[in-house]
Every structure is written in structure tokens, then in C-alpha cells.
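Here the structure comes first, spelled out in C-alpha cells, and everything after it is commentary.
The values are calculated or read from the model by the stated rules, or taken from the named source; none is laboratory data. All values derive from a computational prediction rather than experimental measurement. So basically every Cβ, Gly included, is an ideal-geometry build from the backbone, and we count neighbours across all protein chains shown.
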């Protein structure tokens, strides 16, 4: 079941594999790496439920709006008051049903909720010295590191696609969560936006 889900989630970016490969070879550009598979669970919690969630995840969910925190095998993204998105990266968290089940079990006694939303979005990890320049072409936010510092996240638009944008712990790294149906479009937009960095390599 999990293997079928992995294939389904990666399918939207497969047609652009050759262009993605070209990007990774640009010494002055940036790289785009689709995550192989990300289990994602939306959670709602208050009071003791937040403590229970922190105990289960091994990290306290961020309380400051528009921030995210890394934890053991997960990233926890602030999405709104009392709402977080838990992104799994390994072990049991690669299986959406298991992540959802254990978070629901931890939250239910405290009136919280956990819902699997893994099929909703694809995660693209971006890196490179010119990354912020490329992103600025399609995003109205000020992405300068003094403003959009590591650990910042925001729901915005990139190239007219709705995304969740996360600034990585490295100033030259970002992650983008994009709707599955828009993934191929966004990858194509990123490639086009980077053409001026090293156009011959992409032709």
C-alpha cells in the first residue's frame, strides 16, 4: 500500500526529470530535489494536547506564527492557531497511516485531532547560492535572510501556485510544499526562472 502511494506522489514530477538533472549540474545555480515520500498529518491541539503532542514527537510544536521546527524524524510547521503540519522523514513516519494513528492516539484524550493529508502536497527541497534570487521572481514576499530567516515558514504563492515556503536551517536551503496537481507546473516554472543563470546547460 505504501509503495503504491510513493509512486502516485512522485508521478507529477517524473516528466521533468531530465530538466531537474540539468539544474543540479549548474555550478552557479540551484538544485531542486523532490522528496521521495513525505508522510504529512494535520494536527489540532490545545492545552494538555500540545504537551501530549510534544511528548509524542520529541519536540515542542512552534508557538510563534510562521515558524517551523525540526524534530527526531519530523518537521513541525505552524499553520495557524492550534494547528500544525507534521512532516515525517523516516522510520515509522514514512507510512502515513502509522503517523496519523499514533498522533491521533496521543491527542484524542485531550480533545485534539490528527488527519492524514499526505496525498495533498509534494515537498521540493531547493538549494543553491542564487536560490533567493530565483524565488523572488515569483514570490511577492521579502525573502532576504534578515527578514525570512532560517526556521521561518509562510503560506504564499510562488509562480502563481499556492505553496507553503520553509526557510531551511542553512541560508541557501528552502523547502516548498505544493499541491500535488501543481507540482509539475511549479518545477517547470523553477527551471524557467533559472534560465539566465546558465542557459546553455538547459538547452
- Scanning region 40-81 for residues that are over 16 Å from residue 153 (Cα atoms), touching a residue at least 24 places away in the same chain (Cβ under 8 Å) and in a loop (DSSP other than H, G, I, E, B), the one nearest to the chain's Cα centre (by Cα) turns out to be 45
- Determine whether region 35-47 contains at least one residue that is exposed (fewer than 14 other Cβ atoms within 10 Å of the Cβ), closer than 20 Å to residue 151 by Cα, modelled with pLDDT of 70 or more and outside the structural domain of residue 167 (by TED's automatic domain parsing). no
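Let me confirm something: among 135, 141, 107, which residue is at pLDDT 90 or above, part of a loop (DSSP other than H, G, I, E, B) and more than 18 Å from residue 69 (Cα to Cα)?
Numbers: 135 fails: part of a loop (DSSP other than H, G, I, E, B); 107 fails: part of a loop (DSSP other than H, G, I, E, B).
Result: 141 is the single residue among 135, 141, 107 that is at pLDDT 90 or above, part of a loop (DSSP other than H, G, I, E, B) and more than 18 Å from residue 69 (Cα to Cα).
Mind counting the residues in region 157-170 that are surrounded by fewer than 16 Cβ atoms within 10 Å (Cβ to Cβ) and either within 21 Å of residue 76 (Cβ to Cβ) or under 16 Å from the mean Cα position of the chain (by Cα) (or both)? Don't jump to the end; show me each part of the working.
Let us first name the residues in region 157-170 that are surrounded by fewer than 16 Cβ atoms within 10 Å (Cβ to Cβ), namely 157, 160, 162, 169-170.
Going one step further and asking which of them are either within 21 Å of residue 76 (Cβ to Cβ) or under 16 Å from the mean Cα position of the chain (by Cα) (or both), we end up with 157, 162, 169-170.
Residues meeting the conditions: 4.
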- Query: For region 135-155, what are the residues that are over 16 Å from residue 168 (Cα atoms) and buried (at least 18 other Cβ atoms within 10 Å of the Cβ)?
  - Reply: 138, 139
- Note down all Cβ pairs under 6 Å where the first residue falls in region 171-191 and is not assigned by TED's automatic domain parsing to the domain that holds residue 88, the second is surrounded by fewer than 17 Cβ atoms within 10 Å (Cβ to Cβ) and assigned to a loop (DSSP other than H, G, I, E, B), and they're at least six residues apart or on different chains. 171/145; 172/129
- Note on the structure: Counting only residues in region 108-134 that are crowded, with 21+ Cβ neighbours inside 10 Å and farther than 26 Å from residue 170 by Cβ, the one nearest to the chain's Cα centre (by Cα) is identified as 114
- Task: Would you please name the residue that is nearest to residue 117 (Cα to Cα), looking only at residues in region 62-81 that are touching a helix residue (DSSP H, G or I) at 6+ places or on another chain (Cβ under 9 Å) and modelled with pLDDT of 95 or more?
- Result: 76
- Right, residue 101: surrounded by 15 or more Cβ atoms within 10 Å (Cβ to Cβ) and either in contact with a helix residue (DSSP H, G or I) (Cβ under 8 Å, 6 or more places away or on another chain) or not assigned by TED's automatic domain parsing to the domain that holds residue 53 (or both) or not? no
